[in-house]
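> Here you go, one structure.
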Amino acid sequence: VLLRCPLCGEAAGRELEAHVWARHGQLLGAPGGGNDEQLYECPMCSLTCTNIQILEEHVDLHLEEDSFSEDGTVRDLELAQWLQTEEDKRQRSEEEKREREEFKKLQRQYGLDNSGGYKQQFLKNMEREVDRGKMEPFEYHKRKADMMECLAFGIDDGKTKTSGVIEALCKYYQNENKDVRRVWLSTGVDHFHSSLGDRGWGCGYRNFQMLLSSLLQNSLYNDCLRDTTLIPSIPKIQSMIEDAWREGFDPHGASHFNNRLHGSKAWIGACEIYSLLTNLRIKCQIIDFHKPTGPMGTHPRLFEWILRYYSTDNEGGAKVVCTSKPPIYLQHQGHSRTIVGIEEKKNRTLCLLLFDPGCPSQEMQKLLKQNGDGISLKLLRKFVGSLKDKQYQIVTVDGVLSLEEKTALCHASRVLTSEKIP
């Protein structure tokens, strides 16, 4: 606090007394000069004193009080700022921790956590089965040897395959007279379900195996598939997708996986299936049903599109139409399935027939019974109200590509966009 002379207003600081006597001594009278009634006013509170020394002591008290108050305020402010800084640090640390945990969770969920791939998971799950007494050690070693042999040749072991379902469905519908007006079916499709090696992440690969099983029975694709006469194993499919990436297909998608699938448990989707098929010179397209087109979040436009796909060039009067159409790869958030046909009911409602990789072969075998009453078809049937995810994508196959067409599509895939149904 800056003290000013109560007589002239000049700044005097702590030398107030000396200033007063030096500048105003004659006015006030020297000490002991007889001017006993001289009054001095405090420059801080206007208190009047009769002695300059008393005034100085009084002012000093003001200074001590103000100093204490100011220091206390500063200390409180510094403490508050420190506490806020520490709280900000704590919140940032917790947020970073949550982000790291969420990122690791997503990596695990999508198989990008470097925890190994098909082979590692297969062996780990078999070891767990042995530990639980559900598998004998000799069976473990036999299955391990079989798996290693199949992986060496790049072929699927066929242990999760169910054949003959399409043929059984064809016979069933020919005798079914209740409520089905017409039904269209794809060319013979084998069902593949997830195994110990790909449980939880292998649906995209299994659906590709289903699609490929149909293409291999269609002579139109013999030239494209001359190097793929047997159903490839999941690690082999991963290598085939990497081959497509190296050719230049879908660089954006490749970067998402760091250009590597083999040895991982990475999920794949419609774009990877498209790249793989196109690299094999198989003509295909992605159709994106990016929003619901019916009430309650349903997708009737999806069903109508699939009906047109199957019924094109098959306008005859037959109730059961076994078409030459390959099955359709169906993708939605978190899962994918294979569309193998579509029913049209007598009331004109539509019902998709789906092969789900999550359905075990024991259940699929029930569809092979000739005296089936249709109950097992619940495994396959999906009505409009059953598909209510926000978005669906399908991959359809329609012919073969020339080398020139493949090259052009490879360049175009650098800015790959799917066709969207409005």
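The values are calculated or read from the model by the stated rules, or taken from the named source; none is laboratory data. Only a predicted model underlies this, so the values are computations on that prediction, with no experimental measurement involved. Here Cβ is always computed from backbone atoms with ideal geometry, including for glycine, and neighbour counts include all displayed protein chains. Surface areas here come from the heavy atoms of the whole protein model, side chains and all, with no ligands, DNA or RNA. Shrake-Rupley method; radii C 1.70, N 1.55, O 1.52, S 1.80 Å.
> In region 163-420, how does Rg compare with the Kirkwood Rh, expressed as the Rg/Rh ratio over alpha carbon atoms?
Ratio of gyration radius to Kirkwood radius: 0.95.
> Got a sec? What order do ARG301, ARG246 fall in by accessible area at 1.4 Å, biggest, i.e. largest, first?
Largest accessible area first, the residues go ARG246, ARG301.
> Another question about this same structure. Net charge near GLY197, counting Lys/Arg +1 and Asp/Glu -1 over other residues with Cβ under 10 Å of its Cβ?
With Lys, Arg at +1 and Asp, Glu at -1, the neighbours total +2.
> Describe numerically, in nm with one decimal, the distance between label points set 7 Å from Cα along Cα→Cβ at TRP305 and at ASP243.
Placing both labels 7 Å beyond Cα along the Cβ direction yields 2.9 nm.
> Please report the accessible area of TRP82 (heavy atoms, 1.4 Å probe, ligands and nucleic acids excluded) in Å², nearest 10.
TRP82 has an accessible surface of roughly 140 Å² with all protein chains in place.
> Taking all protein chains together and a probe of 1.4 Å, list ASP243, ASP398, ASP198 from the most accessible to the least accessible.
Sorted descending by solvent-accessible area, the residues read ASP398, ASP243, ASP198.
> Just by accessible area at a 1.4 angstrom probe, what is the order of ARG143, ARG128, ARG226 from largest to smallest?
ARG226, ARG128, ARG143
> Okay, moving on. Before anything else, pin down the relative contact order of region 163-420: Cα pairs under 8 Å, at least 6 apart, normalised by residue count, whole percent.
Normalised by residue count, the contact order of region 163-420 is 31 percent.
> With a/c under 1.5 counting as rounded, go ahead and sort region 119-215 into rounded, prolate or oblate using the C-alpha gyration tensor (a ≥ b ≥ c being the square roots of the eigenvalues; past the cut-off, prolate if a/b is larger than b/c, else oblate).
prolate
> Rounded to two decimals, what is Rg over Rh for region 204-312 when you use alpha-carbon atoms and the Kirkwood radius?
1.02
> Ignoring ligands and nucleic acids, what accessible area does SER233 show with a 1.4 Å probe (Å², nearest 10)?
10
> Which net charge results when you count Lys and Arg as +1 and Asp and Glu as -1 among the other residues whose beta-carbon is under 11 Å from that of GLU139?
+1
> May I pose another question? May I ask you to give the solvent-accessible area per residue for region 163-420, in square angstrom, as obtained with a 1.4 angstrom probe?
Per residue, region 163-420 has 44 Å² of solvent-accessible surface.
> Rounded, prolate or oblate, given the Cα gyration tensor of region 169-228, with a/c below 1.5 counting as rounded?
oblate
> Any idea what % of Cα-Cα pairs in region 253-293 are farther than 11 Å?
Tail of P(r) above 11 Å: 71 percent of Cα pairs.
> Hey, another quick one. Which value, in debye to the nearest 20, gives the size of the charge dipole of region 163-420 about its Cα centre, when Lys and Arg are +1 and Asp and Glu are -1 at the Cβ?
Result for region 163-420 is approximately 780 debye, rounded to the nearest 20.
> Something else about it: Can you pull the accessible area of SER214 for me, 1.4 Å probe, Å² to the nearest 10?
That residue has around 0 Å² of solvent-accessible surface.
> Can you give the FRET efficiency to the nearest 0.05 for GLN53 and GLU87, using r as the Cβ-Cβ distance and R₀ = 41 Å?
0.20
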